């Protein structure tokens, strides 16, 4: 499974402010269009699930970025793979 797209980047809301998350995204060449805020995460979509599904990316996995702390993992990449 090497053909993948990053569907979203999730930041632990307790550890990152929206401004800090945006700096990280820009530093790592990710898009910053819209932010979705949930109870625990700041989510920055790179592609919509519907768009990726049309392209054949149907398998989704979360990938942890960085070392976990006592508060848990700080950043997740939502990766979509072709089946």
Any chance you could give the angle, 0 to 90 degrees and rounded to 10, that helix 18-27 forms with the longest Cα principal axis of the chain? 50
Can you give the FRET efficiency for residue 20 and residue 59, using 1/(1 + (r/R0)^6), R0 = 22 Å, r = Cβ-Cβ distance, to the nearest 0.05? 0.15
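Mean residue ellipticity at 222 nm from the helices of the chain, using -39,500 (n - 2.57) per DSSP H segment of n ≥ 4 over the full residue count, to the nearest 500 deg cm²/dmol?
The helix-only estimate for the chain comes to -5000 deg cm²/dmol at 222 nm.
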Stretchable slack from residue 5 to residue 38, in nm (0.36 nm times residue separation minus alpha-carbon distance): 9.6 nm
Against the 2.2 N^0.38 Å rule of thumb, the C-alpha Rg of the chain sits at a ratio of 1.09
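Readers should treat all values here as calculations from the given coordinates under stated rules, not as data from a laboratory. What you are looking at is a predicted structure, and each value in this text was computed from that prediction instead of being measured. Positions of Cβ are backbone-derived with ideal geometry, glycine not excepted, and every protein chain shown enters the neighbour counts.
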